[in-house]
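Have a look at the structure below before the remarks.
The values are calculated or read from the model by the stated rules, or taken from the named source; none is laboratory data. Owing to the predicted nature of the structure, the values given are computational and were not obtained by experimental measurement. As a convention, Cβ positions derive from the backbone with ideal geometry for all residues, glycine included, and neighbour counts pool all protein chains shown. Remember, those area values only see protein heavy atoms, side chains included, never the ligands or the DNA or RNA. Shrake-Rupley method; radii C 1.70, N 1.55, O 1.52, S 1.80 Å.
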Amino acid sequence: MEGATVYCLIDENSRQWNSKLVDGIFIPGEAELVKKIPIARIEIEDSLFWPFSANGHYNCKLGYRFLKELDVDTDEDAQPDWDKKLWKGIWSLEIPIKYKNLVWRACRNSLSTKMNLTRRTIIDNPTCEQCSSDMEDSLHAL
Ligand SMILES: [Zn+2]
């Protein structure tokens, strides 16, 4: 299947999904979803289309707006009041910004710990070099 494309799943003559092939590759629920996707009656060249603009063209401004709306729907509304108060408390501490940044990055699990470097496939061993007894995640490192 390496190098296969969606086109392989379409019967050229009938311009319909090749049901037997789709059913053989996908689990039942996914196969039904695939077969519900309409196929163009005539063969046309594929093109990229950004569904959140009138003309289908993407630009950074539209992408930013899309992500911002997505962010509002997920993060802002879902963030509990106690969490907001905690972050306001951390950011209002009278300590150098680099320490606030360190706390923020530790809480967001974005420090360059061996666990995170392993997850990003930069290194292949997450074990702490200081003690060799545990994985080096943010909590362990601090
Ligand atoms: Zn250690």
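Does Ile39 count as open to solvent by less than 100 Å² (accessible area, probe 1.4 Å), outside any helix (DSSP H, G or I), without any contact (Cβ under 8 Å) to a residue 60 or more places away in the chain and among the β-branched types (Val, Ile, Thr)?
Numbers: open to solvent by less than 100 Å² (accessible area, probe 1.4 Å): yes; outside any helix (DSSP H, G or I): yes; without any contact (Cβ under 8 Å) to a residue 60 or more places away in the chain: yes; among the β-branched types (Val, Ile, Thr): yes.
For Ile39, the condition - open to solvent by less than 100 Å² (accessible area, probe 1.4 Å), outside any helix (DSSP H, G or I), without any contact (Cβ under 8 Å) to a residue 60 or more places away in the chain and among the β-branched types (Val, Ile, Thr) - is met.
Modelled with pLDDT under 85 and not in a loop (DSSP other than H, G, I, E, B), is that true of Leu67? Walk me through it before giving the result.
Details: modelled with pLDDT under 85: yes; not in a loop (DSSP other than H, G, I, E, B): yes.
Criteria met by Leu67.
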**Q.** Check on Ser112, within 24 Å of Leu139 (Cα to Cα), small (Gly, Ala, Ser) and at pLDDT 85 or above
**A.** yes
